[in-house]
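Input: a single structure, listed below in structure tokens.
The values are calculated or read from the model by the stated rules, or taken from the named source; none is laboratory data. Source: prediction; values computed, not measured. Methodologically, a virtual Cβ is constructed for each residue, glycine included, from the backbone with ideal geometry; neighbour enumeration extends over all protein chains shown. Areas reflect the complete protein model, heavy atoms only, side chains present, ligands, DNA and RNA absent. Shrake-Rupley method; radii C 1.70, N 1.55, O 1.52, S 1.80 Å.
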There are 2 protein chains.
Amino acid sequence: MGFRELARAAQGELPCSLLLKNVKLLNVRTAEIMENTNVGVYGERVAYIGEEELPATSVHDCKGKYAIPGMIDTHLHIESSQVTPPGFADAVLPRGTTTVAPDPHEIVNVMGVEGFRLMLEASKNLPLKVLMMVPTCVPSVEGLETAGADLFAEDIEKMVRMEGVVALAEIMDYDGVVRNRDRMMDIIEVGRKYGVTLDGHCVFLTGKPLSAYISTGIEACHENFVPESAIAKLRAGMDYVKIRNLELMSRLAPDPTGYASAFAGALQNVPDKRSIIFCTDDIMPDVLLQRGHLDDVVRTVIASGYDPVAAIQGATINAATHLRQHDIGAVAPGKFADIILTNDLRKLDIDTVFTNGELVAKGGKMLRPSQKHAFPESSKRTVKLAVPKEADFHIRAPVENGRVKVRTIDMSSLLTTFAIEEVEVRDWIVQPDGLSTLAVMERHGRSGNKNLGLAKNCLERGAIGSTISHDSHNVTVMGRNARDMQLAVKTLIERQGGVVVVDEGEVKANLELPVAGLMSEEPIGVVAEGMRKVRAELKKLGRDEPWFLSVWAIAIPVAPSARITDKVLVDCSRTQEVVPLFVR
Amino acid sequence: MGFRELARAAQGELPCSLLLKNVKLLNVRTAEIMENTNVGVYGERVAYIGEEELPATSVHDCKGKYAIPGMIDTHLHIESSQVTPPGFADAVLPRGTTTVAPDPHEIVNVMGVEGFRLMLEASKNLPLKVLMMVPTCVPSVEGLETAGADLFAEDIEKMVRMEGVVALAEIMDYDGVVRNRDRMMDIIEVGRKYGVTLDGHCVFLTGKPLSAYISTGIEACHENFVPESAIAKLRAGMDYVKIRNLELMSRLAPDPTGYASAFAGALQNVPDKRSIIFCTDDIMPDVLLQRGHLDDVVRTVIASGYDPVAAIQGATINAATHLRQHDIGAVAPGKFADIILTNDLRKLDIDTVFTNGELVAKGGKMLRPSQKHAFPESSKRTVKLAVPKEADFHIRAPVENGRVKVRTIDMSSLLTTFAIEEVEVRDWIVQPDGLSTLAVMERHGRSGNKNLGLAKNCLERGAIGSTISHDSHNVTVMGRNARDMQLAVKTLIERQGGVVVVDEGEVKANLELPVAGLMSEEPIGVVAEGMRKVRAELKKLGRDEPWFLSVWAIAIPVAPSARITDKVLVDCSRTQEVVPLFVR
């Protein structure tokens, strides 16, 4: 196990493999900064911290630099960064994330348990520690959508038993939990049986239903759109709340001004902050390269007024404790030597990164890329639907001619709402007029469902189609005309996945994501460039989306509030209510 | 598992079995006090906390009272309270301790693995949660003493695998760890293999050896005689330090004045206190009844200047996290309903105690005593030595007549020291004169060893003998004359264990402790009365010992600094150095 050698190295009986001299070490347990500290590393782990000298084969003078533990991301979907685990590791390690606990529920919604196994496989032998969480809600809600798999307790148990698993991931069918539905309760029972962390997702729950949710053993939630939501969960007895990037979150707020500082201020007022954790959830490749990863989340909350040390604790020791991992999250003897050097705890520049005692990144660059990992061909043939005709994008009306009232989705915000509009019907076909048509088309070769809807404040022209479409990842397309929509879908099928922007019968941008229609095996720089092109072309169609694309969120029936799946229109203002397109 | 019903009770779909109304609830994770809170309990666990109403079959109006989690003692030896687990449970529950993680190393030093099994057995089905730690150092140091068993890694593994075990207990052969000796390293490897908490004991370690000790994965230490020692361990990267009763500890300090407040002040200065835990270690039955248990430790540190909320956190959530127990340590949905009501967080009066959702104690009294548990007869026949003769207490000198220099143990403090004295020798026999004679006699029927020494500042007259004598619990006797010493030992053999005070050929006090020579099956009140009698009679012999008896600590070769075992005289000023009685 190596701890015998570690104890010898701590006393200079064996030379350390690495000695960081004169760091200002942040002790994340006591919240103290220890000046002039030497950190002795032997192999993968820290052997010594203190003021004494030790023999070492590699010595770094770190005068002026702070040493903090490598950061731990406790809730994220690697697939959202559109690269496979090796590419993801190379993207986040230079930014100080040394451990992630991903929920691979995007690929599992497409490929089921096999997708989980592939992600575990692809995450092995990386300098990034990957502690896998098991997706629990596939599909996100029972009966409302067609995913590539329907997972029940026995599937969850198969995954929990695999090596490298630490938790059940966001248990987001909170209504299923609160209503004691078998699917969710059986899944929770599996998690309890294996003693893993139960992670949650319970946007909007308060009062008794929130207590009910927590009472099952679910210990954390990252769905906090307003600070009151996070504070309420802590006061209801939840062990942890997770906070995402406040700047990105502010884009969902009715008024972004002051959002981040109000949020950070509310968190800062919590007397003991051990329960506050930071996480990334979904970070797009171009955003990741431009802004950063968990480091950006932490920097943003500090800039918004949260205590820098508490912020770093939230991304290190609090996260490790939540994940029940005892050898990460602190720079201390016996722990893995995952260490960041930074010049300023407030600015949190990521100067140098060590993982498992090895220098992996400096100045924001990996020293060498992680070994590539090829996903099998079967994972690259997942867009299983026939090429549609233009007519497939025409909405049939209940009247032959005249005007009807329809329930449109107002897409001015990612937090969509329903709006009632009148539209003209000619020869049984709705004339969308100023509206966009939405289509969600099952792509897993299961039901063959196709569902159409209407949206306002969506596109001005053209169409955008995507095989990323949370969480079932059916082919989702929005457009102002059937021809462009048809071409978008045809392209997605031909390329077996990605994001396509079409205008006037021409493909303007085409980001290829062949692995499960979600990820690319290319480096993140290539994918980010493709993503930037998508955003630029989409902007020409009238949508400026510098962060998340609306097309990805329109089909998820657990997000507020107006959603469309391959089956139904859903009102998710509080729980999930199926509503008709045509209003009588 | 019951969590389905819990979730229903949280929402009023099933009536709660208990509702505590209008408490001021201390949220130990956020350190906030939540006024006017209702706590709904269903069966063993908390279902709901909040301001709403819930139906319940039993309702307590708790207006004006604080609710805090039941306290958790992470380091203690039940045997030191001289009662078996049921009697111990009844003593500590009314004082607010609802979970203990005992190290039964006293009985294991006498009876080996079988003693461990007996304590596990005796701890079942109590209203007190008993999370057992496995003794790791039996005997405390290799080769220096004869215990009833010599445990190695394979024995430790047998115990770790038993149900109800959570940790390896105080790994106190720190020298064995630092020097990489096989016995300790193999034992640590067992703990690491089973993923249990590794608890420590490393008085005096600093610098590189301390780093070495911590690097093996040992995460806590309760041996902190001065605040600097606790702070140094935290700064060296240890996860937790445990603090005992500062008032009792002050009795070991050169100057008790200001000791507690200096200690509490140093702890108070640690910015984040998550790593600070409180524990009892060894509390005698009369002291327990008079002062309290963990409640007294917490009250004392608060009275000495430590923040009351942090103090309670140290006895609840910090302790639970250290023990890797996720369903104790907080009053929150899903956690066990182990709850204390108190009128004042600073005075910490223990008004009412619930465990597993049941009212167990009120006003310092158990509602009904725990069910008795009979230890087997074999556990009551452990004082295995022949009745000695008076001559057995005569020290043979290396000269026939004249004066010789001897290394005496100065017993003015529990932290004994060596002192060189000259004594007269007549006919090869040392004449102790103003000194007391010490005898440690192996009592496990193994070596038959007997070792004699001399002490100053010990007794003025008579003798005291005990089968409690940490950690090997050999018969240990101190006396001013051989006749009284002989009678003391004879009485201990006849009664098969206890503490005996003799003067002028007469037994003055005789506390019987037949279970392993350490514990009584009587209620603690009976034992405490016996203990008070021992102390009163001992005072007449010239030793006033209101807390710990010196006779219990004289034979433990891991405590500072002058010790005598059944084999040798040991200087434990830093490590363990065997020294001769006669000085040349």
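Take B:LEU168 and tell me if it is touching a strand residue (DSSP E or B) at 6+ places or on another chain (Cβ under 7 Å), at the interface with chain A (Cβ under 10 Å from one of its Cβ atoms) and closer than 24 Å to B:ILE328 by Cα. Steps first, please.
Working: touching a strand residue (DSSP E or B) at 6+ places or on another chain (Cβ under 7 Å): yes; at the interface with chain A (Cβ under 10 Å from one of its Cβ atoms): no; closer than 24 Å to B:ILE328 by Cα: yes.
Considered against the rule, which asks whether it is touching a strand residue (DSSP E or B) at 6+ places or on another chain (Cβ under 7 Å), at the interface with chain A (Cβ under 10 Å from one of its Cβ atoms) and closer than 24 Å to B:ILE328 by Cα, B:LEU168 comes out as no.
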Legend entry - Conditions (1) hydrophobic (A, V, I, L, M, F, W, C); (2) more than 30 Å from B:ARG183 (Cα to Cα); (3) touching a Leu at 6+ places or on another chain (Cβ under 7 Å); number of the one not met by A:ALA56: (2)
Inset, instruction - Search region A:333-350 for residues that are over 15 Å from A:VAL46 (Cα atoms) and pair each with any residue that is among the aliphatic types (A, V, I, L, M) and assigned to a loop (DSSP other than H, G, I, E, B) when their beta-carbon atoms are under 6 Å apart and the residues are at least 6 apart or on different chains. - result: A:THR342/A:LEU348
Inset, instruction - Among the residues of region B:541-553, count how many are surrounded by 15 or more Cβ atoms within 10 Å (Cβ to Cβ) and free of Cβ contacts under 8 Å to residues at least 40 places away in the same chain. - result: 1
Legend entry - Search result, residues across region A:239-261 that are in a loop (DSSP other than H, G, I, E, B) and of a type in the set (Val, Ile, Thr): A:THR257
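Working only within region B:270-280, note down all residues that are assigned to a loop (DSSP other than H, G, I, E, B) and more than 13 Å from B:ARG235 (Cα to Cα). Before you say what the answer is, go through the steps one by one.
First, pick out the residues of region B:270-280 that are assigned to a loop (DSSP other than H, G, I, E, B): B:270-275, B:279-280.
Within region B:270-280, B:ARG274, B:CYS279, B:THR280 qualify.
For region A:63-127, which fully contained strands (runs of 3 or more DSSP E) count at least 2 residues that are within 11 Å of the chain's Cα centre (by Cα)? Break it down into steps so the answer makes sense when it comes.
Working: elements: A:66-69, A:71-76, A:97-102.
Here the list reads A:71-76, A:97-102.
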Legend entry - Where a residue in region A:518-539 is closer than 16 Å to A:ALA89 by Cβ and open to solvent by less than 40 Å² (accessible area, probe 1.4 Å) and its partner, wherever it lies, is assigned to a loop (DSSP other than H, G, I, E, B) and of a type in the set (Ser, Thr, Tyr), with Cβ under 9 Å and at least six apart: A:MET519/A:THR84; A:SER520/A:THR84
Inset, instruction - Taking the residues in region A:15-58 that are over 34 Å from the mean Cα position of the chain (by Cα), part of a loop (DSSP other than H, G, I, E, B) and buried (at least 18 other Cβ atoms within 10 Å of the Cβ) as candidates, determine which candidate is nearest to the other protein chains (Cβ to nearest Cβ). - result: A:LEU54
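Can you tell me how many residues in region A:352-361 are surrounded by fewer than 18 Cβ atoms within 10 Å (Cβ to Cβ) and part of a loop (DSSP other than H, G, I, E, B)? Outline the logic, then answer.
Quick first cut of region A:352-361, residues surrounded by fewer than 18 Cβ atoms within 10 Å (Cβ to Cβ) only: A:356, A:358-359.
Filter once more, keeping what is part of a loop (DSSP other than H, G, I, E, B): A:356.
Adding up the residues that qualify gives 1.
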Inset, instruction - Could you tell me which residue of region A:59-98 is farthest from the other protein chains (Cβ to nearest Cβ), considering only residues that are in contact with a strand residue (DSSP E or B) (Cβ under 7 Å, 6 or more places away or on another chain) and hydroxyl-bearing (Ser, Thr, Tyr)? - result: A:THR84
Inset, instruction - Confirm whether A:ASP272 is in contact with a helix residue (DSSP H, G or I) (Cβ under 8 Å, 6 or more places away or on another chain) and open to solvent by 10 Å² or more (accessible area, probe 1.4 Å). - result: yes
Legend entry - Residue list for region A:356-408, filter: β-branched (Val, Ile, Thr) and touching a Gly at 6+ places or on another chain (Cβ under 6 Å): A:THR382, A:VAL383
Inset, instruction - Take A:ASP281 and decide whether it is closer than 24 Å to A:ARG532 by Cα, in contact (Cβ under 8 Å) with a residue 40 or more places away in the chain and of a type outside the set (Gly, Ala, Ser). - result: yes
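Applying the selection to region B:128-141, what residues are more than 14 Å from B:LYS158 (Cα to Cα) and outside any loop (DSSP other than H, G, I, E, B)? Steps first, please.
Start the filter on region B:128-141 by keeping residues that are more than 14 Å from B:LYS158 (Cα to Cα), which leaves B:128-131, B:137-141.
Hits for region B:128-141 are B:LYS129, B:VAL130.
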Inset, instruction - Go through (1) farther than 30 Å from B:GLY40 by Cα; (2) surrounded by fewer than 24 Cβ atoms within 10 Å (Cβ to Cβ); (3) small (Gly, Ala, Ser) one by one and return the number of the condition A:SER229 breaks. - result: (1)
Legend entry - Residues of region A:372-383 satisfying the condition of being crowded, with 16+ Cβ neighbours inside 10 Å and among the basic types (Lys, Arg): A:LYS380
Inset, instruction - Scan (1) at negative phi; (2) within 14 Å of chain B (Cβ to nearest Cβ) for the single condition A:ASN180 breaks and write down its number. - result: (1)
Legend entry - Positions within region B:183-224 being facing chain A (nearest Cβ under 8 Å), open to solvent by 10 Å² or more (accessible area, probe 1.4 Å) and outside any loop (DSSP other than H, G, I, E, B), in sequence order: B:GLU189, B:ARG192, B:GLY207, B:LYS208, B:PRO209
Legend entry - Residue list for region B:500-510, restricted to those being open to solvent by 10 Å² or more (accessible area, probe 1.4 Å) and under 17 Å from B:VAL526 (Cβ atoms): B:ASN510
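May I ask you to verify whether A:ILE420 is over 23 Å from the mean Cα position of the chain (by Cα) and open to solvent by 70 Å² or more (accessible area, probe 1.4 Å)? Even if it seems obvious, please write down each step before you answer.
On the way: over 23 Å from the mean Cα position of the chain (by Cα): yes; open to solvent by 70 Å² or more (accessible area, probe 1.4 Å): yes.
Yes.
When you look at B:ALA260, is it among the hydrophobic types (A, V, I, L, M, F, W, C) and either out of contact with any Leu (no Cβ under 7 Å at 6 or more places or on another chain) or open to solvent by less than 10 Å² (accessible area, probe 1.4 Å) (or both), yes or no? Spell out how you get there, then give the answer.
Numbers: among the hydrophobic types (A, V, I, L, M, F, W, C): yes; either out of contact with any Leu (no Cβ under 7 Å at 6 or more places or on another chain) or open to solvent by less than 10 Å² (accessible area, probe 1.4 Å) (or both): no.
The answer is no for B:ALA260.
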Inset, instruction - Mind listing just one residue for me: the one in region A:169-182 that is more than 10 Å from A:CYS137 (Cα to Cα) and not in a helix (DSSP H, G or I) and, of those, most open to solvent (accessible area, probe 1.4 Å)? - result: A:ARG179
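List the strands (runs of 3 or more DSSP E) that sit entirely inside region A:446-554 and contain at least 1 residues that are over 20 Å from A:LEU569 (Cβ atoms) and among the hydroxyl-bearing types (Ser, Thr, Tyr).
Fully inside region A:446-554 and qualifying: nothing.
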Inset, instruction - Scan region A:439-455 residue by residue and report those that are surrounded by fewer than 17 Cβ atoms within 10 Å (Cβ to Cβ) and charged (D, E, K, R). - result: A:ARG446
Inset, instruction - For A:ASP255, work out the one condition from (1) surrounded by fewer than 24 Cβ atoms within 10 Å (Cβ to Cβ); (2) free of Cβ contacts under 8 Å to residues at least 24 places away in the same chain; (3) within 14 Å of chain B (Cβ to nearest Cβ) it doesn't fulfil. - result: (3)
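Every residue, every condition in (1) of a type in the set (Phe, Trp, Tyr); (2) at pLDDT below 95, yes or no:
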residue: A:LYS193; (1), (2): no, no
residue: A:LEU210; (1), (2): no, no
residue: A:LYS233; (1), (2): no, no
residue: A:TYR240; (1), (2): yes, no
residue: A:LEU246; (1), (2): no, no
residue: A:ASP255; (1), (2): no, yes
residue: A:TYR259; (1), (2): yes, no
residue: A:ALA266; (1), (2): no, no
Legend entry - Of all residues in region A:1-14 being at the interface with chain B (Cβ under 7 Å from one of its Cβ atoms) and outside any loop (DSSP other than H, G, I, E, B), the one that is most open to solvent (accessible area, probe 1.4 Å): A:ARG8
